[in-house]
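Let me begin by presenting the structure, written as structure tokens, before commenting on it.
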Amino acid sequence: MIWPWILGAVIVLLALLACSSMQCRFTIVRKRQDDEIVVDVHTMYGLVKQRIAIPVVKFLNVTEGVDYKTEIVNKANNQLEQGTKNNLTNEKIKQAIENFQLLLAHCFQFNSWFRETLHQVRCTEFYWKTNVGVGDAPETAMTAGMVWGLKSSLLGYLFRFVQLETRPVLQVIPQYNVVTFSSEVQVLAKIRVYEVMLAGCRLLGRIMKIKGGLRMWRKVLFKAS
């Protein structure tokens, strides 16, 4: 019979998929007033390649908030799958915080789950370069030192939770006698697909421990979408 062979092939394919890695490369660039955020996602041994880019970020004012554009690109054929323009206002931020608080209240020990999941993430590449200048040479040198301290503190805190498998490359370049600021961050993070699946199952279990938790999560997430 052919069905056992088909079933065996399906099981093998599912096992290969579960053992594959999900790779996410984050690139954040800020030069003067221009910002760009790019997330490249690769999984299933490179068969699935997606890019999520936010090439335009424009601050309007305190009332109108921030305009930004989002593009989703299939890197396998370099085709634009989706492009949208969005506006982020104080009201939307406030609503998002309230929704997040509702989700936290309806999940058993969410922070513990989040830390456990982060611990499965492996950082295999980290690069952070910053150019800074405030016009006066002594003040620029002092500011550069403060930026170094801030970077070191942030990374020390971050890598308490994420596995670091590379030596971070950090650069702070003082630009004397000019007023300027630019920064570029590149991070490559990896996690196994089966670890993502297990994390999702554990999260579902924690949600169901709270009375009405699953109903509230569905309500909040569907409303947000």
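The values are calculated or read from the model by the stated rules, or taken from the named source; none is laboratory data. Computed from a prediction, not measured in an experiment: that's the story for all the values here. Cβ placement follows ideal geometry from the backbone for every residue including glycine, while neighbour counts extend to all protein chains displayed. Quick note on the areas: whole protein, heavy atoms, side chains included, nothing else; ligands and nucleic acids left out. Shrake-Rupley method; radii C 1.70, N 1.55, O 1.52, S 1.80 Å.
Considering each residue of segment 104-134, count those that are among the aromatic types (Phe, Trp, Tyr) and closer than 23 Å to Lys211 by Cα, and give that number.
Number satisfying all stated conditions: 4.
Tell me, which strands (runs of 3 or more DSSP E) wholly within segment 1-114 include 1 or more residues that are of a type in the set (Asp, Glu) and at pLDDT 70 or above?
Result: 34-43, 65-74, 79-88.
Inside segment 98-141, can you point out the residues that are over 29 Å from Leu164 (Cα atoms), open to solvent by 30 Å² or more (accessible area, probe 1.4 Å) and of a type in the set (A, V, I, L, M)?
Passing the criteria: Leu102, Ala105, Val134, Ala137, Ala141.
Output the residue which, of all residues in segment 204-216 that are assigned to a helix (DSSP H, G or I) and of a type in the set (Lys, Arg), is most open to solvent (accessible area, probe 1.4 Å).
Among them, the one singled out is Arg215.
Considering only residues that are open to solvent by 40 Å² or more (accessible area, probe 1.4 Å), assigned to a helix (DSSP H, G or I) and touching a helix residue (DSSP H, G or I) at 6+ places or on another chain (Cβ under 8 Å), which ones fall in segment 185-203?
Tyr194, Met197, Arg202, listed by residue number.
Looking at Val147, Val178, which one is farther than 30 Å from Gln95 by Cα, touching a strand residue (DSSP E or B) at 6+ places or on another chain (Cβ under 6 Å) and exposed (fewer than 15 other Cβ atoms within 10 Å of the Cβ)?
Answer to the selection: Val178.
Restricted to segment 66-92, and to residues that are aliphatic (A, V, I, L, M) and either surrounded by 12 or more Cβ atoms within 10 Å (Cβ to Cβ) or in contact (Cβ under 8 Å) with a residue 40 or more places away in the chain (or both), which residue is farthest from Pro55 (Cα to Cα)?
The selected residue is Leu88.
Being in contact with a Ser or Thr (Cβ under 9 Å, 6 or more places away or on another chain) and free of Cβ contacts under 8 Å to residues at least 40 places away in the same chain is the filter here; which residues of segment 149-168 pass it?
Result: Lys151, single match.
Based on this model, can you work out whether Arg167 counts as of a type in the set (D, E, K, R), more than 18 Å from the chain's Cα centre (by Cα), surrounded by 13 or more Cβ atoms within 10 Å (Cβ to Cβ) and not in a strand (DSSP E or B)?
No.
Which members of segment 204-225 meet the condition of being touching a helix residue (DSSP H, G or I) at 6+ places or on another chain (Cβ under 7 Å) and more than 15 Å from Phe100 (Cβ to Cβ)?
Arg206, Met208, Leu214
Could you give every pair whose Cβ atoms fall below 7 Å, whose first residue belongs to segment 176-191 and is within 27 Å of Asp136 (Cβ to Cβ), and whose second residue is buried (at least 16 other Cβ atoms within 10 Å of the Cβ) and of a type in the set (Lys, Arg), counting only separations of at least 6 or pairs across chains?
Ser182/Arg30; Ser183/Arg30
Quick test of your reading of the structure: Lys219 fulfils all but one of (1) surrounded by fewer than 16 Cβ atoms within 10 Å (Cβ to Cβ); (2) within 29 Å of Leu155 (Cβ to Cβ). Name the failing condition by number.
Just one mismatch for Lys219, condition (2).
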